[in-house]
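Everything on this sheet refers to the single structure shown next.
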Amino acid sequence: MGNWVVKGMASTANRFNIDSDTFTLRIKIFVYCCIAISFVKFVYEDIEPFLMRDSSEFKLQDYTYAFSNTLDAVAWIGLIILLDFETYFLSLNTSKTMDIFRAIGRYICYAIIAHTSFWYVSDVQDYDNSENNPLLITTLQEAFNNGYRLYQWNDTYYPITDNNLDSLGSGSEWFKYNKGIVTDRKGIDRAINYAWSSAIEMSLWLIIMILIEFKIWIENRKLNWSTLSNIASQISNLSYVAMLGGVCIYWVYIGQGYNAYDEFMWVIGYYLIEININDWREENKEERLKMV
């Protein structure tokens with residue numbers, strides 16, 4: 001996958017009469033701008049339902065859960081910038097202080113990602129518990145009378161008011177899965193599938209990140225471990241394909257087209273990191289041949 005992507009980018013660059021590095025830089029700027037726009041959207045999507053809920057009894061974990069999408073985006077953006085810098089400029093002799101700050105930054109990003117990964121797994125358990133322990137109510141009116149002010153459907157939150165009680169949800173089974181949030185049978189089924197897909201998506205990204213770190217470790221030490229590095233690249237490629245051919249298609253199928261678009265942008269962004277590593281590997285290979 002890596003070779004034909006690189007060749008395709010080089011061919012496209014020649015068609016527009018620009019060098020490959022300039023073309024890659026332009027793609028990178030475009031992808032980063034798209035990711036920045038998505039970040040603003042995710043912040044808004046966290047703030048909107050938060051303001052609709054009663055947060056007077058919230059604890060720290062409630063706040064981190066409420067803004068888990070924002071924290072997750074901050075960590076992934078920070079990580080892609082740090083990895084891009086490291087894989088593109090590491091052939092230069094950076095200072096020890098810079099290396100330490102860069103390492104600390106990555107550890108912080110990974111800690112935040114671990115935190116949000118915990119919430120993804122927790123979501124699966126919460127939805128499952130909600131399904132097994134539905135509210136003892138049969139109408140949205142009862143939920144409203146019992147203090148529930150948000151209705152959730154397809155990862156979107158709708159405020160419950162006296163004016164829309166008849167238009168939100170359906171059926172006689174209602175489920176609570178978070179403070180002040182309620183949904184119906186269709187909503188809980190969709191939420192369970194959404195949570196599982198998010199957990200699978202996160203698992204694929206963690207595999208990719210472990211392999212990227214492993215390949216950086218190899219190239220940083222100029223080790224001639226081409227077989228292991230190639231195996232790691234093939235596993236990464238399979239993970240990217242699973243992301244595009246599985247997760248993105250599922251997002252589109254359930255009506256989450258923007259999530260599919262966002263996923264696609266992140267895949268491109270991190271695949272550019274893979275290209276940096278491949279270029280770095282070739283440079284190290286040339287250095288070893290000169291020493292023979």
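Is at least one residue of the stretch 248-270 small (Gly, Ala, Ser), free of Cβ contacts under 8 Å to residues at least 40 places away in the same chain, loosely packed, with under 14 Cβ neighbours inside 10 Å and over 18 Å from Asp155 (Cβ atoms)? The answer is no; no qualifying residue exists. Confirm whether Trp280 is over 25 Å from the mean Cα position of the chain (by Cα) and at pLDDT below 80. Considered against the rule, which asks whether it is over 25 Å from the mean Cα position of the chain (by Cα) and at pLDDT below 80, Trp280 comes out as no.
Looking for something within 24 Å of Gly187 (Cα to Cα) and of a type in the set (A, V, I, L, M) - is there at least one such residue anywhere in the stretch 253-273? Looking for residues that are within 24 Å of Gly187 (Cα to Cα) and of a type in the set (A, V, I, L, M), one finds at least one in the stretch 253-273, hence yes.
Sort through Phe175, Phe214 and tell me the only one that's among the aromatic types (Phe, Trp, Tyr), surrounded by 18 or more Cβ atoms within 10 Å (Cβ to Cβ) and out of contact with any Phe, Trp or Tyr (no Cβ under 6 Å at 6 or more places or on another chain).
On inspection, the qualifying residue turns out to be Phe175.
Select from the stretch 207-227 the residues that are without any contact (Cβ under 8 Å) to a residue 60 or more places away in the chain and over 22 Å from Met291 (Cα atoms) and list them in ascending order. Of everything in the stretch 207-227, those that are without any contact (Cβ under 8 Å) to a residue 60 or more places away in the chain and over 22 Å from Met291 (Cα atoms) turn out to be Ile207, Ile210, Leu211, Glu213, Phe214. What number goes with the only condition from (1) under 27 Å from Ile160 (Cβ atoms); (2) at pLDDT 80 or above that Pro49 does not pass? Of the numbered conditions (1) under 27 Å from Ile160 (Cβ atoms); (2) at pLDDT 80 or above, the odd one out for Pro49 is (2).
The values are calculated or read from the model by the stated rules, or taken from the named source; none is laboratory data. No experiment lies behind these values; they were computed from the predicted model shown. No Cβ is skipped: glycine too gets one built from the backbone with ideal geometry, and neighbour counts run over all protein chains shown.
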